[in-house]
Amino acid sequence: MSEMSSMMPDVQEVLIPSEEIQQKVKDLGEQITRDYREHRRLLLVGVLRGAVIVMGDLMRRIDLPCEIDFMEVSSYGAGTTSSGVVRILKDLEEDISGRHVLIVEDIIDTGLTLSYLRRSLLARKPASLEICALLSKPARRRVELDVKYLGFEIPDEFVVGYGLDYAGCYRNLPDICILKPEVFGGAAS
Ligand code: XMP
Ligand code: MG
């Protein structure tokens with residue numbers, strides 16, 4: 001479908017086509033529904049901004065009463081690498097103490113962001129706290145992280161689409177894609 005997109009000339013390779021993502025998100029939603037059935041209620045915490053698309057699709061595949069909330073974090077430093085120092089730009093609106101909380105993230109790279117978020121949310125005493133990430137780059141991991149729900153493991157390539165951006169753009173591509181090298185050279189920072 002994204003052959004129709006005007007962004008396709010910037011794309012070197014479609015790594016995961018939209019149909020495969022949708023099937024995976026459906027499977028994850030069914031697994032989460034089974035696992036949380038006895039608790040009935042679930043609070044999904046999306047990490048802005050990359051997780052917005054997977055959050056919207058995943059929540060509709062979970063057949064339980066779900067609430068959603070969002071956090072925005074930023075690792076200091078620019079570009080395509082994580083510095084490990086995490087700053088909370090937007091905190092949760094909800095009090096999560098005693099709640100069953102599932103963090104929803106687009107991608108785990110070094111793991112530093114989620115490891116920080118996990119520690120920070122655990123301090124607020126949720127009844128349970130798990131992680132769901134659509135993508136993971138295991139080759140880049142710098143800290144151990146227990147990810148209960150994982151979509152795809154991908155190679156160490158910078159990817160965009162389905163919520164993931166480069167310089168703020170390409171989040172609306174339906175597929176997970178690798179950009180052409182010349183796109184990185186030419187984009188504004
Ligand atoms: P860490 O290293 O803390 O980083 O696990 C996670 C965050 O890094 C960003 N990230 C990417 N963003 N394409 C992106 O658009 C990528 O390939 C990529 N790898 C890491 C992302 O913000 C993620 O939340
Ligand atoms: Mg992110």
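Bear in mind that the values in this text are calculations on the coordinates, not laboratory data. Because the structure is a prediction, the values reported are computed rather than measured. For neighbour counting, all protein chains shown are included, and Cβ atoms are generated from backbone atoms with ideal geometry for every residue, glycine included.
Some observations on this one:
- Calculated [θ] (222 nm, deg cm²/dmol) that DSSP helices of n ≥ 4 give over the chain, each run adding -39,500 (n - 2.57): -7000 deg cm²/dmol
- The mean sequence distance of close C-alpha pairs (under 8 Å, at least 6 residues apart), as a share of the length of the stretch 41-189, puts its relative contact order at 20 percent.
- Judged by the ratio a/c of the largest to the smallest principal axis of the C-alpha gyration tensor, the stretch 18-155 counts as oblate, that ratio being 1.5 or greater while a/b is no larger than b/c.
- Cβ-Cβ FRET estimate between residue 40 and residue 167, R0 fixed at 35 Å, reported to 0.05: 0.25
- Between residue 72 and residue 182, the modelled labels are 3.4 nm apart [label points 7 Å from Cα along Cα→Cβ].
- Seen against the Cα atoms of the chain and their longest principal axis, helix 18-36 is set at about 10 degrees.
- Extending 7 Å from the Cα toward the beta-carbon at both residue 13 and residue 90 defines two label points whose distance is 3.4 nm.
- Acute angle (nearest 10 degrees) that the helix 112-122 long axis makes with the longest principal axis of the chain, alpha-carbon atoms: 20
- Under the Karplus curve 6.51 cos²θ - 1.76 cosθ + 1.60, θ = phi - 60°, whole-Hz ³J(HN,Hα) for the stretch 140-148, x wherever Gly or Pro sits: 9, 4, 10, 10, 6, 8, 8, 9, 6
- Calculated FRET efficiency for the pair residue 119/residue 142, C-beta based, R₀ 22 Å, to 0.05: 0.90
- Think of the chain as having a plus end and a minus end, set by charges on the Cβ of Lys, Arg, Asp and Glu; of 85, 161, 51, 85 sits farthest toward the positive end of this dipole.
- For the stretch 1-35 and the stretch 84-149, distance of Cα centres in Å: 22
- Placing +1 on the Cβ of every Lys and Arg and -1 on the Cβ of every Asp and Glu, with nothing else charged, gives the chain a dipole about its Cα centre of roughly 660 debye.
- Sites residue 6 and residue 150, calculated FRET efficiency, Cβ-Cβ separation with R0 35 Å, nearest 0.05: 0.65
- Additional length obtainable on full extension of the chain from residue 127 to residue 158, 0.36 nm per residue less Cα span: 7.7 nm
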